[in-house]
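K.L.:
Mind having a look at this structure? Questions to follow.
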Amino acid sequence: MQALRGDQAEGARRMMQPKPVRVLAIASGKGGVGKTNISVNLGIAFTELGRQVALMDADMGLANIDVLLGLQPIFNLSHMLSGERTLAEIIVRGPGGLSIVPAASGMQRMSELSAAEQAGIIRAFGEIDQEFDVFIVDTAAGISSGVVNFARACQNVAIIVCDEPTSLTDAYAFIKLLNRDYGVYGFQIIANMVADARQGQALFNKLCKVADRYLEVALNYLGAIPQDDDLRKAVQRQAPVILAYPQSKSARAFKEMARNMDAMPIAARVGGQLEFFVERMISYSNSRIAAIA
Ligand SMILES: Nc1ncnc2c1ncn2[C@@H]1O[C@H](COP(=O)(O)OP(=O)(O)O)[C@@H](O)[C@H]1O
Ligand SMILES: [Mg+2]
């Protein structure tokens, strides 16, 4: 029998199983290192590659996605849980065709869900008509149980670091916790606000050096986003830099990073359908509560 060509094999595979979703949690130990900007701009860069992208706002802090995009979502996941709205109804269309799941206040209730509510939310993500290719979770700063649960559920965590001593030590502490306590082994690293590519690589090398010495982890460098005044100007205009200043150096870096990531295979344990991710997220938050009780 003639072997299937690559694209035919891919087509056959797609027909047999649902499309895997690239799930990525954006985290950092320290706040203000650019998580929300990276989530939004990377997300839009993926839509420019023809991907359907959902962005979940899991940052309960102040400068979150709706502020950055000048959106005012009325509903969030808590309204879906209470049955007032469907998942499709709470999703907000953002610039660049991004679909945003406003989850802020809903997430605080995640650990208190009844079994029926859990089943409902998992089913909602499974039944949603729109198929997403990429699901990005913008997490809060710090090492709260919520952030840890998101990162564990995603299995694919991008840690943002910048050239400040506390950024590196906090990133290391976060990696150590996820690795030692939760068995997360692989981490993606993005350097932000760097002067040049060399500084980004040097930051990554520093982090690798300590991680290699004390932990059993694999760090993969996704690249760097330069320090860019246009990004700051865009934030003030409540617009993502990739749309406000598409030719800026940070916008170009976001596009390149998305292209590179898009070419990476979705590892079996990293991908999977969205409802599996949500299921994991809920069961982890429950196990955390059970452990404390
Ligand atoms: N690449 C960059 N160049 C210049 N300024 C940046 C860059 N990334 C982030 N910033 C600045 O840092 C601020 C915080 O970014 P934000 O994405 O809100 O961080 P976080 O979500 O981690 O708290 C932004 O408002 C912006 O002023
Ligand atoms: Mg943020």
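K.L.:
Does ALA119 meet the test of being at pLDDT below 95 and either surrounded by 21 or more Cβ atoms within 10 Å (Cβ to Cβ) or within 16 Å of ligand 1 (Cβ to nearest atom) (or both)?
P.N.:
Here the answer is no, as ALA119 does not meet what is asked.
K.L.:
Report, by residue number, each residue of segment 199-253 that is under 19 Å from the mean Cα position of the chain (by Cα) and within 25 Å of TYR185 (Cα to Cα).
P.N.:
ALA218, LEU219, ASN220, TYR221, LEU222, GLY223, ALA224, ILE225 - these are the residues of segment 199-253 that are under 19 Å from the mean Cα position of the chain (by Cα) and within 25 Å of TYR185 (Cα to Cα).
K.L.:
Could you give every pair whose Cβ atoms fall below 8 Å, whose first residue belongs to segment 222-241 and is under 21 Å from VAL161 (Cβ atoms) and within 7 Å of ligand 1 (Cβ to nearest atom), and whose second residue is basic (Lys, Arg) and modelled with pLDDT of 95 or more, counting only separations of at least 6 or pairs across chains?
P.N.:
PRO226/LYS249; ASP228/LYS249
K.L.:
Also, quick follow-up: Counting just the residues of segment 174-197 that are within 16 Å of ligand 1 (Cβ to nearest atom) and assigned to a helix (DSSP H, G or I), which one comes out surrounded by the most Cβ atoms within 10 Å (Cβ to Cβ)?
P.N.:
Ranking the candidates gives PHE174 first.
K.L.:
Another question about this same structure. Is it the case that some residue within segment 167-188 is among the β-branched types (Val, Ile, Thr) and closer than 19 Å to ALA258 by Cβ?
P.N.:
Scanning segment 167-188 turns up no residue that is among the β-branched types (Val, Ile, Thr) and closer than 19 Å to ALA258 by Cβ.
K.L.:
Being more than 8 Å from ligand 1 (Cβ to nearest atom), of a type in the set (Gly, Ala, Ser) and farther than 19 Å from ALA251 by Cα is the filter here; which residues of segment 24-69 pass it?
P.N.:
ALA25, ALA27, GLY29, ALA54, ALA58
K.L.:
Something else: Inspect all residues belonging to segment 78-90 and state whether any of them is free of Cβ contacts under 8 Å to residues at least 40 places away in the same chain and within 16 Å of the chain's Cα centre (by Cα).
P.N.:
no
K.L.:
Further question: Within segment 229-249, which residues are more than 16 Å from ligand 2 (Cβ to nearest atom) and crowded, with 19+ Cβ neighbours inside 10 Å?
P.N.:
The answer is ILE242, TYR245, SER248.
K.L.:
Filter segment 20-54 for residues that are within 22 Å of THR169 (Cβ to Cβ) and of a type in the set (A, V, I, L, M, F, W, C) and give the result.
P.N.:
Selection gives ALA25, ILE26, ALA27, VAL33, ILE38.
K.L.:
Pick from segment 198-228 the residues that are out of contact with any helix residue (DSSP H, G or I) (no Cβ under 6 Å at 6 or more places or on another chain) and aromatic (Phe, Trp, Tyr): which of them is surrounded by the most Cβ atoms within 10 Å (Cβ to Cβ)?
P.N.:
For segment 198-228, the residue satisfying everything is PHE204.
The values are calculated or read from the model by the stated rules, or taken from the named source; none is laboratory data. This one's a predicted model, so the numbers in the text were calculated from it and none came from an experiment. No Cβ is skipped: glycine too gets one built from the backbone with ideal geometry, and neighbour counts run over all protein chains shown.
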